[in-house]
Amino acid sequence: MTNADAPRRRAPGMSPERRRAMIVQAALPLLATHGAAVTTAQVARAAGIGEATVFRAFPDKDALIDACVVEALRPDSVLAELAAIPLAQPLGDRLTAAATALRAHLDRVGAVLAAAHAAGRPGRGRREPPPADAAAPKERRAAPSAGGRASAREESVAAVRAAVAALLAPERDRLRLPADRLAAAFLAVLVPSRTPLAGAAPTPAELVDLFLHGALAPAAPEEDR
């Protein structure tokens with residue numbers, strides 16, 4: 001029997017929920033790179049499965065895109081990155097790493113949302129995507145109402161703010177404001193910096209330097225006289 005005649009080996013058994021989650025993880029970077037032009041065949045290759053398996057997990061490409069939007073909006077990955085920043089590092093290095101991680105997260109979210117919009121899938125999608133709900137923990141499987149979505153966004157923002165505050169905590173005795181208020185200020189400075197500035201937006205390191213030390217350089221000795 002030749003290799004061509006050999007029966008195709010099936011992928012290891014996986015629950016439907018885990019398979020949908022695996023497909024979404026494979027699709028996310030493709031959606032961010034190729035936008036709405038991404039194909040289910042590309043997703044299948046990235047996931048190491050047959051294209052038919054994608055359609056067994058999702059009724060159509062729109063449902064897959066909806067699931068990707070829901071997953072991209074979750075802060076789990078960036079929260080893990082913030083939690084992994086060593087507190088032994090100098091504060092400036094900690095905040096630079098945080099700003100870099102948060103910008104990358106916001107860029108991913110923006111790319112996925114732009115692709116969804118181009119595909120005719122506005123931010124929330126035209127329907128609540130069952131695959132994303134099924135892949136989520138049981139306590140989050142109920143289809144959220146508009147109020148529930150707002151509450152989830154508020155919880156996400158609060159979690160990110162708390163993670164940044166934790167990075168400020170080692171210097172709590174030197175802080176001019178409570179860590180949570182400084183974290184909110186830091187995020188307020190970080191997010192507007194993503195508006196289009198023709199490539200002139202400050203780098204994470206520049207942003208952190210301004211946040212910690214202000215816009216004015218120390219006065220020269222002769223200026224003090």
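The values are calculated or read from the model by the stated rules, or taken from the named source; none is laboratory data. Predicted model only: the values in this text are computed from it and were never measured. Note that each Cβ is placed from the backbone with ideal geometry, even for glycine, and that neighbours are counted across all protein chains shown. Heavy atoms of the whole protein, side chains included, go into the accessibility calculation; ligands, DNA and RNA do not. Shrake-Rupley method; radii C 1.70, N 1.55, O 1.52, S 1.80 Å.
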Qualifying positions in the range 168-189 - part of a loop (DSSP other than H, G, I, E, B) and basic (Lys, Arg):
Arg176
Of the numbered conditions (1) at pLDDT 85 or above; (2) over 17 Å from the mean Cα position of the chain (by Cα), Gly125 fails exactly one; give the number of that condition.
(1)
Answer with yes or no whether Thr33 is at pLDDT below 90, β-branched (Val, Ile, Thr) and open to solvent by 40 Å² or more (accessible area, probe 1.4 Å).
yes
Which of the residues belonging to the range 83-103 are exposed (fewer than 14 other Cβ atoms within 10 Å of the Cβ) and in contact (Cβ under 8 Å) with a residue 12 or more places away in the chain?
Ala83, Leu87
Scan the range 42-82 residue by residue and report those that are open to solvent by 30 Å² or more (accessible area, probe 1.4 Å) and aliphatic (A, V, I, L, M).
Ala46, Ala52, Val70, Leu73, Leu79, Ala80
Would you check if Pro86 is at pLDDT 90 or above, outside any helix (DSSP H, G or I) and within 30 Å of Ala166 (Cα to Cα)?
yes
